[in-house]
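Inspection log for the structure reproduced underneath, given as C-alpha cells.
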Amino acid sequence: MTTTSAAAPRPETAAVPHEKESGATLNVFSHAFLVLWVVLAAGPLIWVALTAFRPSADILSDPTGWPTSFHWENFTNAWNKANIGQYTVNSLIILAGSLTGTMLLGSMAAYVLARFTFPGNRLVFLLFVGGMTFPVILALVPLFAVMENFGLLDTRPGLMIAYIAYSLPFTTFFLTSFFRTLPTGVQEAAMVDGASHTRTFFQIMMPMAKPGLVSIGIFNFLGQWNQYLLPLLLNNEDEKTYVLPQGLASLAVSQGYRGDWGALFAGLTIAMLPVLVVYAVFQRQVQAGLTAGALK
C-alpha cells in the first residue's frame, strides 16, 4: 500500500505588500509636493489681495497681518487718484488690437505651413522657431530706430505692432503643430464642394481648432498683459498713455503715491483680476488645447 504526501503549500511572496508600501510612500511625497507648490504659488496672491483691504499704517507695522476691517477706499483711491483705471483702459485697448492681430496672423500662417507644401515651407517654419529663441532685449535698439523712422513711437498702433511681432513666433509654432493633428477629410470635402481656401479656413478649420486657439490666446493674453519692457521703450513720453505694468512700476518706485500702501496693493489686485478671470473661464479649453496634440 503506497501513500501519497500532499504537496507543501508555496510560501506567499512579500512583493505585493512591499509594492503597496512604496506606492503609498510615493503618494504621500507627491501630495506633499503639490501642497507645497500650491502654497508657494497662491500664497503671495492671497497675501496681496488681503493686504489690499488694510490701511497703510497697519501694513507698515505688521506686513503679514490679517485685515481687521475691510477698507474699500483703497480700491477707490487706486482707481481714481492713482490712475489705475486709466492704465487699465489703455492696456485693454492695446490688447484688443494686438491680441486680435496676433491670433489672426498666427493662425493663418500656421494653417498654410501645416496644410500646404511649397518650396521653402520648412525654412519659413524654422524662421518662426528661430524667432522664439531670439532675445527681445537684443532687438530693442533697432526696434526703437525703426519705430522712430515710421513715426510710431508713443503711439498705440506702434505698440500693437510690437506686441504682435513679439508673440507671433510662438503662436505660429504652437498652431502649426495643432493644425497638423486635425483630420484632412473635412478640408478635402469642403474643397470638393467648391469652397475657397478663405472659406475653408474661417468656416471649417478655425472652429475645429478652437481648443488650440483658446489655449494660445490665453498665453498671449498673459504675456501681453504683463509686458513691461516694450512699453517702457516705445511708450514712455506721456504718463497718461501708460499701460498697467508701467503704471504699477511707477507707483511702486514712488512708494505708492504719498505712502498709500493700501492703494498700491489694491492696484496690484486690480491688475491680477483680469488674468484670474480669463483663466477661470477658459480653464477647460486650455487643458483640451494642450492635450489635443497627443490624441491624434
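See the values below:
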read-out	value
Enumeration of residues in segment 181-197 that are acidic (D, E) and not in a helix (DSSP H, G or I)	D193
Flag for V275 being open to solvent by 20 Å² or more (accessible area, probe 1.4 Å) and touching a residue at least 40 places away in the same chain (Cβ under 8 Å)	yes
Identity of the residue in segment 37-56, more than 19 Å from the chain's Cα centre (by Cα) and free of Cβ contacts under 8 Å to residues at least 60 places away in the same chain, that ends up nearest to A263 (Cα to Cα)	L50
Of residues in segment 59-95 being open to solvent by less than 60 Å² (accessible area, probe 1.4 Å) and more than 14 Å from L244 (Cα to Cα), the one farthest from the chain's Cα centre (by Cα)	S69
Residue ID - least open to solvent (accessible area, probe 1.4 Å), chosen from residues in segment 162-187 that are more than 22 Å from M206 (Cβ to Cβ) and touching a residue at least 12 places away in the same chain (Cβ under 8 Å)	A162
Of all residues making up segment 198-243, the number that are surrounded by fewer than 19 Cβ atoms within 10 Å (Cβ to Cβ), outside any helix (DSSP H, G or I) and among the polar types (S, T, N, Q)	2
Filtered residue count, segment 122-160, keeping only those that are touching a Ser or Thr at 6+ places or on another chain (Cβ under 8 Å) and open to solvent by 40 Å² or more (accessible area, probe 1.4 Å)	4
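Residue-by-condition table, conditions (1) of a type in the set (V, I, T); (2) at pLDDT 90 or above; (3) within 25 Å of W225 (Cβ to Cβ):
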{"residue": "T68", "(1), (2), (3)": "yes, no, no"}
{"residue": "K81", "(1), (2), (3)": "no, no, yes"}
{"residue": "L99", "(1), (2), (3)": "no, yes, yes"}
{"residue": "T102", "(1), (2), (3)": "yes, yes, yes"}
{"residue": "L105", "(1), (2), (3)": "no, yes, yes"}
{"residue": "A110", "(1), (2), (3)": "no, yes, yes"}
{"residue": "F128", "(1), (2), (3)": "no, yes, yes"}
{"residue": "V136", "(1), (2), (3)": "yes, no, yes"}
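The values are calculated or read from the model by the stated rules, or taken from the named source; none is laboratory data. Not measured: the values here are computed from a predicted model. So basically every Cβ, Gly included, is an ideal-geometry build from the backbone, and we count neighbours across all protein chains shown. These accessible areas exclude ligands, DNA and RNA; they are computed on the full protein's heavy atoms, side chains included. Shrake-Rupley method; radii C 1.70, N 1.55, O 1.52, S 1.80 Å.
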